[in-house]
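Trainee: Mind having a look at this structure? Questions to follow.
The values are calculated or read from the model by the stated rules, or taken from the named source; none is laboratory data. All values derive from a computational prediction rather than experimental measurement. Note: ideal-geometry Cβ built from the backbone for every residue, glycine included; neighbour counts use all protein chains shown.
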Amino acid sequence: MTDNPMPGADRPSDDVNLPLVDLLSAFLELSDDTENAGRLMLLSSTGQFVGDASLSARDIQIAIKALAAAKAFTDATADITIPGETKVDAYLEADLEEHCLGLDADLLMAMAEEDPSEAVAVFDKVTGQRDEDGA
């Protein structure tokens, strides 16, 4: 069997095609199996040839299982907002930091391990005192 060239190694890649090159690279890295049970070809949205990969039967099964797991994860988390995807308003972040100044995060975490309700009560007490003081 001939080795698959790295995608884009023999043809130029522009920024638009880089995600497709990454996808093709992921397929090529599935296993070291050199059996050729199928060939995957990727074209850009304009029909430009991006690259191809020979896949073994094992590679194909791995890809099918991985894509099924990715689909299940996507479906299961469709209604969940993942914090890393949302930018926090700088003013609100500064306000929260000011509000929580003086809190001992390590102490609260240790308390939470033993009694989460107590940790919440201490947090509420400290932050409530700040509100009453006008801070």
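Trainee: Hey, among L42, L67, L30, L23, which residue is surrounded by 10 or more Cβ atoms within 10 Å (Cβ to Cβ) and assigned to a loop (DSSP other than H, G, I, E, B)?
Mentor: Values: L42 fails: assigned to a loop (DSSP other than H, G, I, E, B); L67 fails: assigned to a loop (DSSP other than H, G, I, E, B); L23 fails: assigned to a loop (DSSP other than H, G, I, E, B).
Testing whether each residue is surrounded by 10 or more Cβ atoms within 10 Å (Cβ to Cβ) and assigned to a loop (DSSP other than H, G, I, E, B) leaves just L30.
Trainee: Related question: Here's a check for you: in the range 3-40, which residue that is among the hydroxyl-bearing types (S, T, Y) and farther than 13 Å from R58 by Cβ is modelled with the highest pLDDT? It would help to see each step written out before you state the result.
Mentor: Our first condition is that a residue be among the hydroxyl-bearing types (S, T, Y); within the range 3-40, this holds for 13, 25, 31, 34.
From the residues that got through so far, the ones that are farther than 13 Å from R58 by Cβ too are 13, 25.
On the way: S13: 50, S25: 89.
In this case the residue turns out to be S25.
Trainee: Working only within the range 79-104, note down all residues that are of a type in the set (G, A, S), modelled with pLDDT of 70 or more and exposed (fewer than 10 other Cβ atoms within 10 Å of the Cβ). First the steps, then the outcome.
Mentor: Of the range 79-104, the ones of a type in the set (G, A, S) are 84, 90, 94, 102.
Next, only the ones that are modelled with pLDDT of 70 or more stay: 90, 94.
Of everything in the range 79-104, just one residue is of a type in the set (G, A, S), modelled with pLDDT of 70 or more and exposed (fewer than 10 other Cβ atoms within 10 Å of the Cβ), namely A90.
Trainee: Scan the range 105-128 and give yes if some residue there is assigned to a helix (DSSP H, G or I), among the acidic types (D, E), at pLDDT below 80 and within 30 Å of V21 (Cβ to Cβ), otherwise no.
Mentor: There is no residue in the range 105-128 that is assigned to a helix (DSSP H, G or I), among the acidic types (D, E), at pLDDT below 80 and within 30 Å of V21 (Cβ to Cβ).
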